[in-house]
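Participant: Right, I'll just put the structure down here and ask away after.
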Amino acid sequence: MSTHDEVVAAATARAAALAARDRGALEALLHPRLRWTTYDGRVLDRAAYLAGNTAGELTWLSQTLEDVDVAVATDAVAVLTAVAVDVVRRGSGPAETFRLRLTQTWLREPGHGWRCLAGHAGPRS
């Protein structure tokens, strides 16, 4: 598998873990020093990202990635850009669909594989 394909597979697995509310799988794909900038400008560390996306009122129904591109810097660093199509529900409210530009920086580390170090999604449309 090419580095490009490995990074796309990791990003796809992260999206699936969001929809499954699988904290363990999601945590394994996130670097311990993760910094995620939300669509409204908040910057989250890994603990806050995990809490906000696997517990509480926000439920991911799906996330798909379109127009995916991967810039491979080295065999251990890559930047993925895409359009994320998010289907979410807050509490018992109706499902909502959003399209957001997405940028993720991925690092490959021995014993861990590809993990997301940084991400930014937005603006929301």
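The values are calculated or read from the model by the stated rules, or taken from the named source; none is laboratory data. Note that the coordinates shown come from a computational prediction; the quantities given were computed from them, not determined experimentally. Cβ placement follows ideal geometry from the backbone for every residue including glycine, while neighbour counts extend to all protein chains displayed.
Participant: If you check every pair at least six apart or on different chains, which have Cβ atoms under 9 Å apart with a residue in the stretch 1-20 that is in contact (Cβ under 8 Å) with a residue 24 or more places away in the chain first and a residue that is part of a helix (DSSP H, G or I) and among the hydroxyl-bearing types (Ser, Thr, Tyr) second?
Facilitator: Leu18/Thr54
Participant: Of everything in the stretch 84-120, what is surrounded by 15 or more Cβ atoms within 10 Å (Cβ to Cβ), of a type in the set (Val, Ile, Thr) and either farther than 15 Å from Arg14 by Cβ or modelled with pLDDT under 95 (or both)? Give them in sequence order.
Facilitator: Scanning the stretch 84-120 gives Val87, Val88.
Participant: OK, next. Residue by residue through the stretch 49-85, note down the ones that are of a type in the set (A, V, I, L, M, F, W, C) and not in a strand (DSSP E or B).
Facilitator: Leu50, Ala51, Ala55, Ala76
Participant: Scan the stretch 28-48 for residues that are within 14 Å of Thr105 (Cβ to Cβ) and aromatic (Phe, Trp, Tyr) and jot them down.
Facilitator: If the condition is that a residue be within 14 Å of Thr105 (Cβ to Cβ) and aromatic (Phe, Trp, Tyr), then Trp36 is the only one that fits.
Participant: Under the condition of being under 18 Å from Ala16 (Cβ atoms) and more than 14 Å from the chain's Cα centre (by Cα), which residue from the stretch 28-60 is surrounded by the most Cβ atoms within 10 Å (Cβ to Cβ)?
Facilitator: Thr59
Participant: Going by the conditions given, is Leu34 within 19 Å of Leu117 (Cβ to Cβ), in a strand (DSSP E or B), in contact with a Phe, Trp or Tyr (Cβ under 8 Å, 6 or more places away or on another chain) and among the aliphatic types (A, V, I, L, M)?
Facilitator: Criteria met by Leu34.
Participant: How about the stretch 86-125: which of its residues are within 14 Å of the chain's Cα centre (by Cα) and part of a loop (DSSP other than H, G, I, E, B)?
Facilitator: Across the stretch 86-125, the qualifying residue is only Gly122.
Participant: Could you run through the stretch 4-48 and say how many residues are polar (S, T, N, Q) and at pLDDT 95 or above? It would help to see each step written out before you state the result.
Facilitator: Applying the first criterion (polar (S, T, N, Q)) to the stretch 4-48 yields 12, 37-38.
Next, from what is left, pick out any that are at pLDDT 95 or above: 12, 37.
Within the stretch 4-48, residues that are polar (S, T, N, Q) and at pLDDT 95 or above number 2.
Participant: Just checking, does the stretch 52-67 include any residue being out of contact with any strand residue (DSSP E or B) (no Cβ under 6 Å at 6 or more places or on another chain) and over 24 Å from Arg89 (Cβ atoms)?
Facilitator: no
Participant: Tell me yes or no: at least one residue of the stretch 9-29 is in a strand (DSSP E or B) and in contact with a strand residue (DSSP E or B) (Cβ under 9 Å, 6 or more places away or on another chain).
Facilitator: Scanning the stretch 9-29, I find no residue that is in a strand (DSSP E or B) and in contact with a strand residue (DSSP E or B) (Cβ under 9 Å, 6 or more places away or on another chain), so the answer is no.
Participant: Looking for something in contact with a Ser or Thr (Cβ under 9 Å, 6 or more places away or on another chain) and within 14 Å of Asp5 (Cα to Cα) - is there at least one such residue anywhere in the stretch 50-63?
Facilitator: Within the stretch 50-63, not a single residue is in contact with a Ser or Thr (Cβ under 9 Å, 6 or more places away or on another chain) and within 14 Å of Asp5 (Cα to Cα).
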